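Each value in this text was obtained by applying a stated rule to the coordinates, not by laboratory testing. Values in this document were obtained by computation on a predicted structure and should not be read as measured data. Every residue, glycine as well, gets a Cβ built from its backbone with ideal geometry; the counts of neighbours run over all protein chains shown.
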């Protein structure tokens, strides 16, 4: 199964909703930490995708030049 940044962002949004809904401080803090982790994973995935796309474009330019 391939995970997408949309999956990570959906989980982050879910954590934000849970944090908003709870009255317990420790649960809210846990949800907010989880939200941060999901957002970090989404950002890492996006960065990897961007770098992969840039490398592919650079490789295509080199092939065209030859």
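To the nearest ten degrees, helix 5-21 and the longest principal axis of the Cα atoms of the chain are 20 degrees apart. Based on C-alpha pairs under 8 angstrom that are at least 6 apart in sequence, the stretch 5-65 has a relative contact order of 38 percent.
Each peptide in 23-35, 5-17 gets a packing score, the mean of other Cβ atoms within 10 Å over its residues, and the list from highest to lowest is 5-17, 23-35.
Stokes-Einstein diffusion of the chain at 25 °C, 0.890 mPa s viscosity, Kirkwood radius from Cα pairs, rounded to a whole number: 178 µm²/s. Estimated at 0.36 nm per residue, the fully extended path between residue 6 and residue 52 surpasses their Cα-Cα distance by 14.8 nm. For the pair residue 25 and residue 13, label points projected 7 Å from Cα toward Cβ lie 3.1 nm apart.
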